[in-house]
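Just below is one structure, and these are the notes that go with it.
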Amino acid sequence: VFKIMGFYTQVERPTSDGRIDAIIQTPDYIYIIECKLDRTADEALRQINDSDYAAPFSMDKRRIYKIGVNFSSQTRGVEQWIIE
């Protein structure tokens, strides 16, 4: 969907500390998204920060948003999200 909207999108981008689930880049913003299943959005956000997924964008002038998301296998939907 993001690619159709014209945004540069990367999925499962490898890093030295793991893989970033999704990166979406717009002209003004960079969204770093980590998803978990049946865990917590806090855990997802902690992984973004502990693995320093935003480091490659530190010199970029765009605003960076870190988004942790937790999906529930019971409800089959988003259970919780946190934006930093």
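The values are calculated or read from the model by the stated rules, or taken from the named source; none is laboratory data. All values reported here derive from a predicted model rather than from experimental measurement. Note that each Cβ is placed from the backbone with ideal geometry, even for glycine, and that neighbours are counted across all protein chains shown.
For the reader, a short list of remarks on this structure follows.
- A Cβ distance below 8 Å, combined with a sequence gap of six or more or placement on separate chains, defines the contacts here; from segment 6-19, residues that are on the phi > 0 side of the Ramachandran plot reach no residue that is modelled with pLDDT under 85.
- The number of residues in segment 20-46 that are more than 25 Å from residue 76 (Cα to Cα) and either without any contact (Cβ under 8 Å) to a residue 24 or more places away in the chain or part of a strand (DSSP E or B) (or both) comes to 3.
- Among residues of segment 26-42 being under 19 Å from residue 13 (Cα atoms) and not β-branched (Val, Ile, Thr), the one that is surrounded by the most Cβ atoms within 10 Å (Cβ to Cβ) is 34.
- Any hit, segment 63-81, residues being in contact (Cβ under 8 Å) with a residue 40 or more places away in the chain and in contact with a helix residue (DSSP H, G or I) (Cβ under 6 Å, 6 or more places away or on another chain): yes
- Between 49, 70, the distinction of being assigned to a strand (DSSP E or B), at negative phi and over 10 Å from the mean Cα position of the chain (by Cα) belongs to 70 only.
- Scanning segment 52-67 for residues that are exposed (fewer than 14 other Cβ atoms within 10 Å of the Cβ) and either part of a strand (DSSP E or B) or not charged (D, E, K, R) (or both) returns 55, 58, 59, 63.
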